[in-house]
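Contents: one structure, followed by commentary.
The values are calculated or read from the model by the stated rules, or taken from the named source; none is laboratory data. Note that this is a predicted model, so its numbers are computed, not measured. Backbone-built Cβ (ideal geometry, glycine too); neighbour counts: all protein chains shown. Quick note on the areas: whole protein, heavy atoms, side chains included, nothing else; ligands and nucleic acids left out. Shrake-Rupley method; radii C 1.70, N 1.55, O 1.52, S 1.80 Å.
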Amino acid sequence: MEDGASFNSDMPEPVQPGPSALGLLRGFLGTARAVLLSPRKFFPSMPLEGGLLGPYIFFLLCTTFSFLVSLVLTLVTGGEFSPWTFLVMLAAFCMPFFSAAILNFLFTKLLRTGGTYEATFRVVCYASAVNLFAWIPDILVILLFQFYEIYLSALGLSVVHRTGLGQALLVVIGTLLTVSVTIMFMARMFFSF
């Protein structure tokens, strides 16, 4: 597993950019299904290296799908479109890079675990599969999927950093709270609501 070549042949091939749109779609759907329905198989068999592009494309597809469905639902139900929506979307596209950097720092420097930035980035991107359901306009469903994303992140990070699930959950929740408070503080500082 440490060399990144342990990908289990029973699991779908992770999303990789390629010449075939059909191949990309198959890889995307297979990866999403594996992450959401079999995370205990997916993360231990996930390659730890091989580049950031494939996992990032997966993240972009999940996030863009949710964004577009939410936008259409907003417009169809008579809601208003705000230019801030695109700003939030652009910020979301940068989040896996920052989240992975913070998480990798906490695991490798503070907890002194194994693992790499690339492996951490892969977990962050693949855990975003829950974004496929983020458009559902029900607060309980949204909360359920957010908690599931926290679990998926902690599970994947516990595998790539070789630590316990409980410890990984604490790091993920702590990071989420810290980032949320920082964003709220900066928003209040720069924007008046």
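Things worth noting here:
- Just one of the listed residues (Tyr126, Tyr148) is over 25 Å from Gly51 (Cα atoms) and modelled with pLDDT of 95 or more, namely Tyr148.
- In the range 109-119, the residue that is most open to solvent (accessible area, probe 1.4 Å) out of those that are modelled with pLDDT of 90 or more and not in a loop (DSSP other than H, G, I, E, B) is Tyr117.
- Scanning the range 120-154 for residues being under 15 Å from Leu61 (Cβ atoms), among the small types (Gly, Ala, Ser) and surrounded by 23 or more Cβ atoms within 10 Å (Cβ to Cβ) gives a total of 3.
- Qualifying residue in the range 127-150 (condition: in contact with a Gly (Cβ under 8 Å, 6 or more places away or on another chain), within 19 Å of Phe28 (Cα to Cα), part of a helix (DSSP H, G or I) and touching a residue at least 60 places away in the same chain (Cβ under 8 Å)): yes
- Qualifying residue in the range 174-181 (condition: exposed (fewer than 13 other Cβ atoms within 10 Å of the Cβ) and either hydrophobic (A, V, I, L, M, F, W, C) or in a loop (DSSP other than H, G, I, E, B) (or both)): yes
- Selection within the range 44-87 - open to solvent by 50 Å² or more (accessible area, probe 1.4 Å), aliphatic (A, V, I, L, M) and not in a helix (DSSP H, G or I): Leu52
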